[in-house]
Structures are given as structure tokens and as C-alpha cells.
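Structure, as C-alpha cells:
The values are calculated or read from the model by the stated rules, or taken from the named source; none is laboratory data. Note that the structure is predicted; figures quoted are calculated from it, not measured. Here the Cβ positions follow ideal geometry from the backbone for every residue, glycine too, while neighbour counts run over all protein chains shown. Surface areas here come from the heavy atoms of the whole protein model, side chains and all, with no ligands, DNA or RNA. Shrake-Rupley method; radii C 1.70, N 1.55, O 1.52, S 1.80 Å.
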Amino acid sequence: MPERTCIGCRSKRPQAQLVRCALGPRGATVSRSAAGRGAWLCSYECFLTAERRRAFDRAWRTAAPADVVRDLDQPVRTAFGGVDIRMEESPTRKG
Ligand SMILES: [Zn+2]
């Protein structure tokens, strides 16, 4: 099982547990097969960490524009099956 290092928390995990962000000619995508350098993430939280630390720059070996990284927010979130929304309303009703 090939292992990759998450760019957010730097932990090594089996590739199957990670999400790959690739930087291609038309911007960044979440894809296992897209050409280009890959940046691997183990969680949405690690995406936020990586964004803050500019870890994508190191993974992609280039100065990734902030908006390119920001565009990954939604697809990364989706790839991890959504993120906890702490402010969500409780479905239970009183009364
Ligand atoms: Zn991680």
C-alpha cells in the first residue's frame, strides 16, 4: 500500500485514506488522476492548516496564488463528505 504524507499534519497514511489536490494548467483540482504535482490531505481541517502554512507552495513547488488554494475549499470539503457544521440547527423541536 503506497503511503503519502499529509501536507497539513505531516502524518504518513495509506494513499487510499487521503485526498489529492493537483495543480494543473487550469487551476487546482481534487483528483487522484489529474496530471501535475499532488498535495495530499487527510482531513478538511488539514486543508485549512495547509492553507494557513502555505504548505501547498511546498507540495506544488510553486507560489500558489491564494485564490487557487481557496477554490479548493469546497471540493476538498465535499471529498471528505462535508464538515461538521457546529452552528447547525437542531432538528428537534420543543413543544
Ligand atoms: Zn492531515
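Numerical summary
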{"read-out": "Those Cys residues of the chain for which no other cysteine Cβ falls under 4.7 Å", "value": "9, 21, 46"}
{"read-out": "Mean residue ellipticity (222 nm) of the chain, computed from DSSP H runs ≥ 4 via -39,500 (n - 2.57), nearest 500", "value": "-7500 deg cm²/dmol"}
{"read-out": "Carbon/sulfur fraction of accessible area - the chain, other protein chains in place, 1.4 Å, %", "value": "49"}
{"read-out": "Heavy-atom surface of the chain, accessible at 1.4 Å and reported per residue (Å²)", "value": "70"}
{"read-out": "For the chain: Kirkwood Rh in Å [reciprocal of mean 1/r, alpha carbons]", "value": "14.0"}
